[in-house]
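Participant: After the structure tokens below, expect a handful of questions from me.
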Amino acid sequence: MADEVITVDYAFVDGAHMFTSDDKFACGLLVGHQDLKTAFEETAIQLKTLLKLNHDIETEVESLVTFEEFAALVASVPKPTNPHVRPRLKSEVDWHRKAA
């Protein structure tokens, strides 16, 4: 089986870094944490668990970008000048499951 890409959506909502997905292999994914690195790392753990529970697939899962690359993207979003406005970033992060 070849590597397959799982598309994961990222959003920063009300102070939390949220990872979700509409991908058929990631049904049920919802990861949120105030710390970006914690949320990013937990996403791989949850994807691996969902693949096992929902599809009986045991595999390793990793992001196609490093945490540092992703953190740089998040940091590049301009911060609002009004403290009552919370920034919202929405982007996609591709993860892949390794071939068996």
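No value in this document is a laboratory result; all are computed from the given coordinates. Because the structure is a prediction, the values reported are computed rather than measured. Cβ atoms come from the backbone with ideal geometry, glycine included; neighbour counts cover every protein chain shown.
Participant: Excluding G32 itself, what net charge comes from residues whose Cβ is under 11 Å from its Cβ, given Lys and Arg +1 and Asp and Glu -1?
Facilitator: Numbers: positive: none; negative: D14, D35, E42.
Net charge in that neighbourhood comes out at -3.
Participant: Subtract the Cα-Cα distance of T20 and D35 from 0.36 nm times their separation in residues, and report this length gain in nm to one decimal. Don't jump to the answer; show the numbers that get you there.
Facilitator: Numbers: separation 15, 0.36 × 15 = 5.40 nm, distance 1.59 nm.
Length gained, T20 through D35: 3.8 nm.
Participant: Sticking with the crude label model, points 7 Å out along Cα→Cβ, report the distance from H55 to E42 in nm, one decimal please.
Facilitator: Distance between label points: 2.3 nm.
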